[in-house]
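Worksheet: one structure, shown below.
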Amino acid sequence: MNMTVILITLVLLAASSYYVGLKKSVSIQKSEKLHSAPIYHGSLLAIYSLIVSLLFILIWRLFENYLYPEFSLSKNLIFFLSLLVFLITALIVFLKIEKNFRAREKVENIIEIFLLICSTVAILITIGILLSVIFEATRFFSMVPITDFLFGTHWSPQIPIREDQVGSSGAFGAIPLFTGTFLIAFIAMIIAGPIGLMSAIYMSEYATKKTRDIIKPLTEILAGIPTVVYGFFAVIVVAPFIRSSGEYFGLNIASESALAAGLVMGIMIIPFVSSISDDVINAVPQNLKDGSLGVGATKSETIVKVIIPAALPGIIGGLLLAISRAIGETMIVVMAAGMSANLTANPLEAVTTVTVQILVLLVGDQEFDSPKTLAAFALGLVLFFMTLILNYVALNIVRKYREQYE
Amino acid sequence: MFDNEELLKETKSQALNSETVGDIHVDDPRIIAKNINVFYGDKPAINNASIDIGKNEVLAMIGPSGCGKSTFLRCLNRMNDTIDACRVEGELFLDNENILDKKTDVVSLRAKVGMVFQKPNPFPKSIYDNVAYGPKIHGMAKNKIELDEIVFKSLDKAGLFEEVKDRLDAPGTSISGGQQQRLCIARTIAVSPEVILMDEPCSALDPIATAKIEELIYDLKKNFTIVIVTHAMQQAARVSQRTAYFHLGNLVEVGPTSKIFTTPQHKLTESYITGRFG
């Protein structure tokens, strides 16, 4: 007997038990006043029986192998037993239905518990992800000292095949990766921050409705372009442009550079900044703007001194979203900034980022117990904590600002 | 009981006849409005209104909702410019300058004609910075000492200084609604305007805060010309010398406040102040 058939049968049974419960309570209602409306009696009968029988199946499946291995093959048995459980529960609830039965309260409780479970799912999954990463990262740190990883300045995750091989010791210093990540994110924010904010100001304060209706959707298209396409753009257009303009000034620039990746990434995240900033600037009450214009401030004075400060929490939120997007971005960097881990602050050199290295470490056939593979989890863990701290700090800034001015 | 349908018919026929009853002129005018017409898109909002506003007087503008009194008020400092579909025609003279002229600098106009709004709208800044906002923009103070003086004087004139002198650094939004409205008045006074426009300044306030603002208006009259839009007729009676009654975009009647409230000449004015519509 297929599990799907069992489930469908149970749901059909639940539907019919709903009508049974409804009918009984309606017939009681004819002579006496019910505590709960008939619909709750029917629902309770259906939901209770369904939950109990599903729980039965779940528990049975979990424990059958340990407790009764001899029954494990008999799906029919599960089917009949679950039907039996369903019917017994339904019968018990059915017998309980009378004028004072508080079915409404019980249904409300079930709904509340269901909602609670839904809201904890996200938290539990986050904890699960964190634990799995921590577990693998601990294995990595048992092979490579944590201080070497966090403070080492040399990244070359090669594991020797033979003992006497040249360059036999792998180096797992993560600092070049993090500087690379921040360098590219920084360049991207230099591009996206001002451009996004300015275009948001133009759209919300200066543009006519018609202009805004054209510009805003077009800007948002930028966010929908696949990052691979941005990568092409970086490699084919931006990098050669940077190199040739570098040659013009007598600079020798590699075709893969942090600048190219950062510029293109900046273009990619403009919509994150502009769209959110535009929304929060529009949310600044008109009477604040009127107040400023009313004492003779110009439009730009009003924007700089009243609107932006009032919209700042939202603008910071938009910037942070953009930063975390920039830190997590992989594809553009692989294509435009290269894979060599250089410890440099020079945007004209090739760098690499944390996410790119995670990709590199995990691609291909790898053993899952070599430091090379496990290093990916350690990188992921550090990245996770960094974004966590970033978000925490940002939320605090926003909250402090709100407390002050609301 | 008054027959509503009859009143409506009468209202419509009256609306066509846009002659203003009463004396629109004063001896010593500060603002002269001539044949003001305002349109929102194609919809007329004010129909050929002419009125003088005298020096050091409080002019109250009353009338049912949507009668155009706020729109008229917003013409006086060109705040209607911020509404895209709004079009103003006619002539409005302040110091012999037609302020409706395209060439008029609205920034300096608004410094001369300040405005207090319906809802208290302090900026999300400290009390001090709220008041210092205008003077800083217009470069009215050479140094911190002068700025302090302007801020303290303005707060004092708005009757707020004693209440907030210990917490000038507190956010302007942290004080009570009535105090916030007086803060907004202080902010307006700080740029030393000649005229102060008030758009239902007490409609969001409780009776005690309202009484304080009314007292303040009475005091401010000595130094400023004040135009106040209000829904509360008692308030108009208490604070103003002259009253203008608007109805469906028409300036129906203008006259000394005592006369308007005791012996109105126009039937619509009489219906309104006796509470037949509002």
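For this structure, a couple of remarks:
- Loop-resident sites, region B:216-278, for trypsin sites (Lys or Arg not before Pro), counting at most 14 other Cβ within 10 Å (DSSP): B:222, B:276
- Spin-label pair residue A:102/residue A:286, simplified geometry with 7 Å Cα→Cβ offset, distance in nm: 5.1 nm
- Set of aspartates and glutamates near residue B:55 by C-alpha distance (under 18 Å), chain-local residues within fewer than 8 positions excluded: B:23, B:27, B:28, B:95, B:97, B:194, B:219
- Per-residue extension of 0.36 nm, minus the Cα-Cα distance of residue A:251 and residue A:12, leaves a gain of 78.5 nm for this segment.
- For region A:177-307: rounded, prolate or oblate by the Cα gyration tensor [a/c cutoff 1.5]: prolate
- Per residue, the average separation of C-alpha pairs within less than 8 Å and at least 6 apart gives chain A a relative contact order of 17 percent.
- Rough spin-label spacing in nm, given labels placed 7 Å along Cα→Cβ, for residue A:222 and residue B:156: 5.3 nm
- Cα gyration tensor, chain A - rounded (a/c under 1.5), prolate or oblate: oblate
- Largest mean-square fluctuation among B:200, B:89, B:162, in a Gaussian network model of chain B whose springs join Cα atoms under 10 Å apart, belongs to B:162.
- Taking each of A:209/A:299; B:102/B:221; A:305/A:400; B:102/B:157; B:153/B:221 in turn, the alpha-carbon distance tops 26 angstrom for B:102/B:221; B:102/B:157.
- Whole-Å distance, taken between Cα centres, linking region A:320-360 and region A:116-152: 22 Å
- Peptide A:283-289 is shielded by partner chain Cβ atoms: per residue, an average of 3 of them sit within 10 Å of its Cβ.
- 11 Å reach of a label modelled at residue A:369, 7 Å along Cα-to-Cβ, counting backbone N of region A:120-158: none
- Lys-Lys pairs in region A:3-122 that are eight or more residues apart or on separate chains and whose Cα atoms lie under 28 Å of each other come to 15.
- For region B:81-217, the orientation-averaged shadow of the C-alpha convex hull comes to 9.5 nm² (one quarter of the hull surface).
- Shielding value for B:110-122 is 4, the average number of Cβ atoms from other chains within 10 Å of each residue's Cβ.
- For region A:156-405, size of Cβ-based charge dipole, Lys and Arg +1, Asp and Glu -1, in debye: 900 debye
- Rounded to 0.05, the FRET efficiency of the residue A:186 and residue A:123 pair, given R0 = 45 Å and the Cβ-Cβ distance, is 0.90.
- Over all other residues within a Cβ to Cβ distance under 12 Å of residue B:129, the charged ones net out to +3, with Lys and Arg as +1 and Asp and Glu as -1.
- Shielding by partners, peptide A:296-304 (average Cβ within 10 angstrom, other chains): 4
- Positive-pole candidate from A:291, A:340, A:257, dipole of region A:253-406, charges at beta carbon: A:291
- Förster-model FRET efficiency, 60 Å R0, residue A:111 and residue B:93, C-beta, rounded to 0.05: 0.30
- Extension gain (nm, one decimal) between residue A:143 and residue A:210, 0.36 nm per residue minus Cα-Cα: 17.9 nm
- Rounded FRET efficiency, nearest 0.05, which uses the C-beta distance separating residue A:400 from residue A:77 and R0 of 51 Å: 0.25
- GNM flexibility winner over chain B from B:208, B:185, B:36 (Cα, springs under 10 Å): B:208
- Long-range amide H partners of residue B:243 with built H, under 5 Å: B:60, B:255, B:257
- Global form of the protein assembly as shown, assessed from the alpha-carbon gyration tensor, a/c cut-off 1.5: oblate
- Percentage relative contact order, chain B, counting C-alpha pairs under 8 Å, at least six apart: 28 percent
- Assuming charge only on the beta carbon of Lys and Arg (+1) and of Asp and Glu (-1), the dipole of chain B about its Cα centre is about 440 debye to the nearest 20.
- Size of electric dipole in the protein assembly as shown: Cβ of Lys, Arg +1 and of Asp, Glu -1, about Cα centre, debye, nearest 20: 1260 debye
- In this label model, residue B:166 and residue A:241 are separated by 6.2 nm, measuring between points 7 Å along each Cα→Cβ vector.
- Within region A:90-125, the trypsin sites (Lys or Arg not before Pro) that combine a DSSP coil assignment with at most 16 other C-beta atoms in a 10 angstrom radius are A:99, A:102.
- Leading residue at positive end of dipole, chain B (Cβ point charges), from B:45, B:261, B:198: B:198
- Region A:177-255-region B:108-141 distance, computed between alpha-carbon centres (Å): 38 Å
- Packing-based ranking of A:342-353, A:23-34 yields A:342-353, A:23-34, ordered from highest to lowest mean Cβ neighbour count within 10 Å.
No lab work stands behind these numbers, since they all come straight from the coordinates. All of these numbers come straight from a predicted model, not from anything done at the bench. Note: ideal-geometry Cβ built from the backbone for every residue, glycine included; neighbour counts use all protein chains shown.
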